[in-house]
Amino acid sequence: MERRLHASQPQPRFWRISLEGLALVIRSGAIGTPGAVNKIPCKSPEAAQKTFDSLVAQRLKDGFVDEASAEVKTLSPEAEKELLTDDPERWLVFADSLLESGDPVRGELIGLQVKAAKRVRGSIGQAKDFIRAHYDELVGPGIASFHTQVTVDWSFGYARTARIWSGPYTAPIGDVVEAVLNSPACRFLQRLEFGSPGTQGKYDPALKVLASLEWPTHLNHLVLGEFDVAQSFKTENAWPRIDSLFALQPVASRLETLEVRAALNTLGKGLTFPSLKRLVLKPWRLDSRLLTDLQSWETPKLRELSFTLEALVGVTLDSWAATIRRFISHPGITHLELRRIREGLQLLSLLGDAGGKLQRVELIDAPAAEVVNVSHLRKTLEAVQFEAPESAALAKALTALGLKANGPSEETLAKKKKVAATRAERAARRARDDDDRYEEIAE
């Protein structure tokens, strides 16, 4: 049994009491602090209940209100969209309403993160300390019970991105996603990322759970396969698998961005994603089944298409180019990304005049010497903006051909290498921490 009360005058403070056996545990203090704990032993269950009721009645008389019955601040969809423009002043007004209406801890965090957004000295550290001290209360009991499997990016008191994963000794990823979508912290969630699916080895069961749940209003970005491609993921058999994306059809209208990094058996034929604007496919291999399925999709608002591959199996560049031409003509994609694809310039040359309808093309791993493949399309591609973020030589070769191209400087490349080394070190550290966590759970 527990009661949670708070008061906003003369200063925001909380008071909580719980009955644990024959003892009353009281925690109280100013909002934004851990508070003080006081334990009151009782001689019998009856005496404990009587004292519990008496103390609660006294606090209510003193002006505290019951958080469980407090009015929850509601906003119209339009007002919530205005909040998501991240105007600090709008968030401060919203924070004040939370302090008064039943979520004072989140209101306090919003205030701290508004200060951080305004670059007030020390505010970033204060907000991080506050989140650590009040994490369970901010995310609710669902996520709190899976705290080792969930990472969230906080912005103005709420999670904007949530990453979830499963391991050998943890709960299935489907259980975790349900806790995330039901968390009060995820009211403004926009992006959901799936990491390792654990011993299940595939995302399909979790996708069925995901499609059966009520989504937060603003969730429209789904990433399947947000993991570090470390040594353990260097073979296709080690990658998470997806039999089909058909399970997402009930919620397809919600998605504006879909990223898939997994070993795909099929994509699913005839799927419709009416709101999808960006599709990122990172299968281990691209084969004829995936291309056939992709050609059958209906994506009327798609504007950005991205491919990242490890292998091309049973697919010719001609058939792949035909699929891309189909998306250029309908629905009319304007951005094409060909990452880790050495044949990128050859593929681009096969698009012919259709390539001239693109506004932006990003190439990674395409050798600069292969620019000759698109020399005959110089006039066709003259309006296309090329991006070569990892090759100064490729950008120079495209520019020499008379095309518009951006590439990195040597200084930028050196910084990227340094960042990559740091990330690799962090990934190795996380792998060690995961191993230690697994051992603790197993024990």
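Of all the numbered requirements in (1) touching a Pro at 6+ places or on another chain (Cβ under 6 Å); (2) under 26 Å from Q249 (Cβ atoms); (3) surrounded by fewer than 22 Cβ atoms within 10 Å (Cβ to Cβ), L189 misses one, and that requirement is (3).
Considering R132, R121, the condition of being outside any helix (DSSP H, G or I) and either within 24 Å of R3 (Cα to Cα) or not assigned by TED's automatic domain parsing to the domain that holds D204 (or both) is satisfied by R121 alone. Residues in the range 303-343 that are in a loop (DSSP other than H, G, I, E, B) and either at pLDDT 95 or above or not assigned by TED's automatic domain parsing to the domain that holds L358 (or both): R303, I333, T334. Quick check: anything in the range 137-147 on the phi > 0 side of the Ramachandran plot and within 20 Å of the chain's Cα centre (by Cα)? Checked against the condition, which is being on the phi > 0 side of the Ramachandran plot and within 20 Å of the chain's Cα centre (by Cα), the range 137-147 yields at least one hit.
Annotation note: Cβ proximity below 7 Å between a residue of the range 335-356 that is surrounded by 15 or more Cβ atoms within 10 Å (Cβ to Cβ) and a residue that is assigned to a helix (DSSP H, G or I) and of a type in the set (G, A, S) (sequence gap 6+ or interchain) occurs for L338/G344; L347/A321; L348/G355; L350/A321; L351/A321; A354/S329.
For V114, indicate whether it is in a helix (DSSP H, G or I) and surrounded by 17 or more Cβ atoms within 10 Å (Cβ to Cβ). So V114 fits the description; yes.
Residues that are in a loop (DSSP other than H, G, I, E, B) and charged (D, E, K, R): does the range 87-109 have at least one? There is at least one residue in the range 87-109 that is in a loop (DSSP other than H, G, I, E, B) and charged (D, E, K, R). In the range 147-155 there is at least one residue that is at pLDDT below 90 and closer than 22 Å to L219 by Cα. Look at V371 and say whether it is in contact with a Phe, Trp or Tyr (Cβ under 7 Å, 6 or more places away or on another chain), farther than 23 Å from S288 by Cβ and either in contact (Cβ under 8 Å) with a residue 60 or more places away in the chain or buried (at least 17 other Cβ atoms within 10 Å of the Cβ) (or both). No, not satisfied. Residues considered: P283, P274, P300. Of these, the only one that is touching a His at 6+ places or on another chain (Cβ under 9 Å) and part of a loop (DSSP other than H, G, I, E, B) is P300.
Being buried (at least 20 other Cβ atoms within 10 Å of the Cβ) and outside any helix (DSSP H, G or I) is a description that applies to V361. Within the range 415-429, residues that are in contact (Cβ under 8 Å) with a residue 24 or more places away in the chain reach partners that are of a type in the set (D, E) and surrounded by 10 or more Cβ atoms within 10 Å (Cβ to Cβ) with beta carbons closer than 8 Å, at six or more positions or on different chains, in the pairs K416/E390; R423/D228; A427/D228.
Looking only at the range 105-160, residues that are hydrophobic (A, V, I, L, M, F, W, C) and out of contact with any helix residue (DSSP H, G or I) (no Cβ under 8 Å at 6 or more places or on another chain) come to 2 in all. Looking at the range 117-171 only, could you name the residues that are surrounded by fewer than 20 Cβ atoms within 10 Å (Cβ to Cβ), of a type in the set (G, A, S) and either without any contact (Cβ under 8 Å) to a residue 12 or more places away in the chain or more than 30 Å from T199 (Cβ to Cβ) (or both)? Those that are surrounded by fewer than 20 Cβ atoms within 10 Å (Cβ to Cβ), of a type in the set (G, A, S) and either without any contact (Cβ under 8 Å) to a residue 12 or more places away in the chain or more than 30 Å from T199 (Cβ to Cβ) (or both): A117, G122, S123, G125, A133, A144, S155. Screening the range 298-318 for residues that are surrounded by 15 or more Cβ atoms within 10 Å (Cβ to Cβ) and in contact with a Ser or Thr (Cβ under 7 Å, 6 or more places away or on another chain) and picking the one that is nearest to A263 (Cα to Cα) gives V315.
The values are calculated or read from the model by the stated rules, or taken from the named source; none is laboratory data. No experiment lies behind these values; they were computed from the predicted model shown. A quick note on method: Cβ atoms are made from the backbone with ideal geometry, for glycine too, and the neighbour counts reach across all protein chains shown.
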